[in-house]
Amino acid sequence: FRFKDSLAEELGRADLVISHAGAGSCLEALEKGKPLIVVINEKLMDNHQLELAKQLHRDEHVLCCNCSTLVETLESMDLSTLKPFPPGQPEKFALFLDKVVGFQ
């Protein structure tokens, strides 16, 4: 398919996700506990995706490559080295925001 409103069903069935390094795409796969290979688009200007991909890789949550190294990454990957992504804690953000705004 060229476009789909949600990939939740496909993510639920996936054994491995290969994605660009967009924050939404990465977080959705990681929150579902799926192993993730992030393919960096090196042609983007001011590449914020590169920063996210590198940090997630440093934290051992994803494997990271570019288009030219994807096949090599697939052949040599060891998904057992990946660490689970910790669940979000929105209550901590809410408490922080309350302090900043002065509700506490």
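The values are calculated or read from the model by the stated rules, or taken from the named source; none is laboratory data. Being a predicted model, the structure only gives us computed values, none of them experimental. Note that we place each Cβ from the backbone using ideal geometry, even for glycine, and neighbour counts take in every protein chain shown. Ligands, DNA and RNA are excluded from the accessible area calculation, which covers all protein heavy atoms including side chains. Shrake-Rupley method; radii C 1.70, N 1.55, O 1.52, S 1.80 Å.
Details
- Condition check for Gly88 on (1) farther than 16 Å from Val17 by Cα; (2) open to solvent by less than 100 Å² (accessible area, probe 1.4 Å); (3) over 15 Å from the mean Cα position of the chain (by Cα): one failure, at (3).
- Condition check for Glu10: in contact (Cβ under 8 Å) with a residue 12 or more places away in the chain and outside any loop (DSSP other than H, G, I, E, B): no
- Extreme residue, nearest to the chain's Cα centre (by Cα), among residues of segment 68-85 that are surrounded by 11 or more Cβ atoms within 10 Å (Cβ to Cβ) and in contact (Cβ under 8 Å) with a residue 24 or more places away in the chain: Phe85
- Search result, residues across segment 22-35 that are touching a strand residue (DSSP E or B) at 6+ places or on another chain (Cβ under 8 Å) and either free of Cβ contacts under 8 Å to residues at least 40 places away in the same chain or open to solvent by 40 Å² or more (accessible area, probe 1.4 Å) (or both): Ser25, Cys26, Ala29, Lys34
- Residues being assigned to a helix (DSSP H, G or I) and open to solvent by 70 Å² or more (accessible area, probe 1.4 Å) - total across segment 41-67: 7
- Summed over segment 79-92, residues that are assigned to a helix (DSSP H, G or I) and under 27 Å from Pro35 (Cβ atoms) total 5.
- Criterion violated by Ile18 - all others in (1) touching a residue at least 24 places away in the same chain (Cβ under 8 Å); (2) exposed (fewer than 14 other Cβ atoms within 10 Å of the Cβ) satisfied: (2)
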